[in-house]
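Step one of this worksheet: look at the structure below.
The values are calculated or read from the model by the stated rules, or taken from the named source; none is laboratory data. Please read all numbers here as calculations on a predicted model, not as lab measurements. So basically every Cβ, Gly included, is an ideal-geometry build from the backbone, and we count neighbours across all protein chains shown.
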Amino acid sequence: MKLLIVSQYFWPESFLINDIAIKLAELGHEVVVATGKPNYPDGDIFKGYKGWGLQHEESFGKIKIFRVPIWPRKKGRAVHLLMNYFSFVLSGLIFFPWMLRGQHFDAILAMGLSPITAVIPGIPLKWLKRTKLTIWLQDIWPESLSATGHVQNKQIIRFVNWLVKGIYHFSDTILVQSRSFVEPVSRLSGFDKVVYFPNSVALLNPKLDSPDVPSSLLKELEKSFSIVFAGNIGTAQAVETIVEAVKKIKSETKIKLFLVGSGVCLDWVKKQKEESDLNNLYLAGRFPMSVMPAIFHRASALLVCLKDKPIFAYTIPSKVQAYLAAGRPIIASLKGEGARVVTESGAGLVCDPENAEALADRIMDLYLMSKAERDHMGASGKRYCAKNFDMNKKVQELVSILSC
């Protein structure tokens with residue numbers, strides 16, 4: 001099968017679609033990616049790329065990547081984000097048909113990351129290439145727009161609702177990463193298009209040593225009761241709750257919380273760490289996904305945290321699958337589907353989101369458990385992951401869906 005993936009984000013940005021594309025190529029499928037210039041999450045165009053101009057490259061030996069001009073996110077201000085989203089849509093509509101001229105594809109997979117407008121360049125490509133368009137939704141709209149609180153204007157939300165309905169109309173199949181997505185998406189698309197297809201993770205024996213991870217970080221993880229939060233450090237992740245929980249357990253000197261990643265709230269966290277003298281909060285920085293297993297393996301527990309918004313109860317954060325695969329106990333400060341997975345798998349402890357006291361209590365509960373109890377949680381999570389989120393199985397399932 002020759003597959004075209006349309007995604008605003010792709011390697012060297014860290015997103016699940018990278019691993020899916022690599023796995024598809026390993027299975028002998030021809031993979032072509034239509035994307036923008038990498039700039040997530042820090043907002044600057046990555047070294048070796050320019051915001052303007054077209055670019056064609058090959059990565060991982062087989063995957064052909066076509067990149068269009070894009071306005072960088074910069075520091076996350078609303079105007080730059082809007083320009084970033086709009087520039088990908090405009091550039092994709094103008095340049096992808098020309099860059100991909102003469103190529104035939106058996107299927108098109110468009111990544112429905114936020115905002116949903118990122119899939120729009122896939123629609124004319126569907127017609128030009130005379131093939132089917134499948135959208136893989138990682139978020140639901142317009143619910144996500146109103147949930148942020150930044151947009152409350154009913155006219156704007158009504159327009160976005162109309163836009164989303166149009167996008168769904170032009171798609172042939174809609175994959176949803178959470179069972180909770182099925183009902184709200186089906187209201188706009190019809191039930192016949194919607195297929196539950198969760199995010200997945202590669203179940204490999206991790207490389208436990210990596211020159212890309214400072215030895216000082218690995219030693220800090222090993223010598224303390226270390227809780228690792230990995231990923232974007234942004235507003236959706238309720239970092240205020242994490243900081244307040246860290247303050248509440250400050251006297252427990254053996255417990256240390258590690259933030260591994262970057263994002264728009266990182267400077268705020270640094271300021272809080274300095275002002276409150278939080279020696280139990282370690283800001284590790286951002287690392288490539290390839291070395292995260294080495295960090296996870298040395299952690300005593302792994303933390304996932306989201307704001308208390310109805311929209312976040314619909315989703316399963318992709319880090320949940322990665323945490324399960326790592327075989328370490330999980331502390332989940334969230335509601336809904338993500339909390340259900342952690343509870344159902346027996347992989348850890350759950351508390352209500354944006355409740356710093358409850359989060360601090362769950363940390364202490366886990367800390368006071370025996371190592372055997374924590375290891376049992378981690379092993380239960382890993383078995384659950386192998387059964388439900390194994391990437392090898394899910395990619396084979398994806399091929400079957402796209403081939404229909």
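Kindly evaluate residue 350 against the criterion of being of a type in the set (Val, Ile, Thr), in a helix (DSSP H, G or I) and closer than 21 Å to residue 319 by Cβ. When the stated conditions are applied, residue 350 does not pass them.
Of the residues making up the stretch 1-42, those that are within 18 Å of residue 99 (Cβ to Cβ), polar (S, T, N, Q) and touching a helix residue (DSSP H, G or I) at 6+ places or on another chain (Cβ under 7 Å) number 2. Answer with yes or no whether residue 136 is closer than 21 Å to residue 316 by Cβ and at pLDDT 95 or above. So residue 136 passes the test. Scanning the stretch 139-146 finds no residues that are at pLDDT 95 or above, outside the structural domain of residue 291 (by TED's automatic domain parsing), part of a loop (DSSP other than H, G, I, E, B) and among the charged types (D, E, K, R).
Being at pLDDT 95 or above and among the hydroxyl-bearing types (Ser, Thr, Tyr) is the filter here, so list the residues in the stretch 86-116 that pass it. Scanning the stretch 86-116 gives 87, 91.
Please go through the stretch 1-42 and give me each residue that is of a type in the set (Val, Ile, Thr) and free of Cβ contacts under 8 Å to residues at least 24 places away in the same chain, ordered by number. Correct list: empty.
Can you work out which of the residues in the stretch 81-100 that are of a type in the set (Gly, Ala, Ser) and out of contact with any Phe, Trp or Tyr (no Cβ under 6 Å at 6 or more places or on another chain) is surrounded by the fewest Cβ atoms within 10 Å (Cβ to Cβ)?
As a first pass, look at the stretch 81-100 and keep what is of a type in the set (Gly, Ala, Ser): 87, 91-92.
Filter once more, so that each one left must be out of contact with any Phe, Trp or Tyr (no Cβ under 6 Å at 6 or more places or on another chain): 91-92.
Details: 91: 20, 92: 29.
Out of the qualifying residues, it is 91.
Among the residues of the stretch 1-54, the one identified as touching an Asp or Glu at 6+ places or on another chain (Cβ under 8 Å), more than 15 Å from residue 288 (Cα to Cα) and part of a loop (DSSP other than H, G, I, E, B) is 1. Within the stretch 49-71, residues that are at positive phi sit with their Cβ atoms under 9 Å from residues that are of a type outside the set (A, V, I, L, M), at 6+ positions apart or across chains, in these pairs: 53/37; 53/67; 53/69; 60/11; 60/18; 60/26.
Restricting to the stretch 106-125, name every residue that is in a strand (DSSP E or B) and within 15 Å of residue 172 (Cβ to Cβ). Residues satisfying the conditions are 107, 108, 109, 110, 112.
Would it be correct to say that residue 228 is under 29 Å from residue 21 (Cα atoms) and either more than 24 Å from the chain's Cα centre (by Cα) or modelled with pLDDT of 95 or more (or both)? Reasoning before the result, please.
Numbers: under 29 Å from residue 21 (Cα atoms): yes; either more than 24 Å from the chain's Cα centre (by Cα) or modelled with pLDDT of 95 or more (or both): yes.
Against the criterion (under 29 Å from residue 21 (Cα atoms) and either more than 24 Å from the chain's Cα centre (by Cα) or modelled with pLDDT of 95 or more (or both)), residue 228 qualifies.
Taking the numbered list (1) buried (at least 21 other Cβ atoms within 10 Å of the Cβ); (2) closer than 25 Å to residue 338 by Cβ; (3) among the hydrophobic types (A, V, I, L, M, F, W, C) in turn, residue 125 passes all entries but (2).
Consider residue 339 carefully, then state whether it is crowded, with 24+ Cβ neighbours inside 10 Å, at negative phi and in the same structural domain as residue 282 (by TED's automatic domain parsing).
On the way: crowded, with 24+ Cβ neighbours inside 10 Å: no; at negative phi: yes; in the same structural domain as residue 282 (by TED's automatic domain parsing): yes.
In short, no.
Residue 355 meets all of the listed conditions (1) within 30 Å of residue 183 (Cβ to Cβ); (2) touching a strand residue (DSSP E or B) at 6+ places or on another chain (Cβ under 7 Å); (3) at pLDDT 95 or above but one, namely (2).
Among 118, 78, 25, which is surrounded by 21 or more Cβ atoms within 10 Å (Cβ to Cβ), assigned by TED's automatic domain parsing to the domain that holds residue 163 and out of contact with any Cys (no Cβ under 9 Å at 6 or more places or on another chain)? Give the derivation first.
On the way: 78 fails: surrounded by 21 or more Cβ atoms within 10 Å (Cβ to Cβ); 25 fails: surrounded by 21 or more Cβ atoms within 10 Å (Cβ to Cβ).
Only one candidate qualifies: 118.
Among the residues of the stretch 242-250, at least one is more than 26 Å from residue 44 (Cα to Cα) and under 20 Å from the mean Cα position of the chain (by Cα). For first residues located in the stretch 260-285 and within 25 Å of residue 219 (Cβ to Cβ), partners that are in a strand (DSSP E or B) and among the aromatic types (Phe, Trp, Tyr) and lie 6+ apart or on another chain with Cβ distances below 6 Å form the pairs 282/258; 284/258.
Can you find a residue in the stretch 61-73 that is buried (at least 19 other Cβ atoms within 10 Å of the Cβ) and in a helix (DSSP H, G or I)? Taking every residue of the stretch 61-73 in turn, none turns out to be buried (at least 19 other Cβ atoms within 10 Å of the Cβ) and in a helix (DSSP H, G or I).
Can we say residue 103 is surrounded by fewer than 21 Cβ atoms within 10 Å (Cβ to Cβ) and in a loop (DSSP other than H, G, I, E, B)? I'd like the intermediate steps shown before the answer.
On the way: surrounded by fewer than 21 Cβ atoms within 10 Å (Cβ to Cβ): yes; in a loop (DSSP other than H, G, I, E, B): yes.
For residue 103, the condition - surrounded by fewer than 21 Cβ atoms within 10 Å (Cβ to Cβ) and in a loop (DSSP other than H, G, I, E, B) - is met.
For the stretch 228-338, the helices (runs of 4 or more DSSP H) that sit wholly inside it and include 1 or more residues that are touching a Pro at 6+ places or on another chain (Cβ under 8 Å) and of a type outside the set (Gly, Ala, Ser) are 239-248, 292-298, 310-314, 318-326. Criterion first (farther than 17 Å from residue 226 by Cβ, modelled with pLDDT of 95 or more and among the hydroxyl-bearing types (Ser, Thr, Tyr)) does residue 345 satisfy it? Considered against the rule, which asks whether it is farther than 17 Å from residue 226 by Cβ, modelled with pLDDT of 95 or more and among the hydroxyl-bearing types (Ser, Thr, Tyr), residue 345 comes out as yes.
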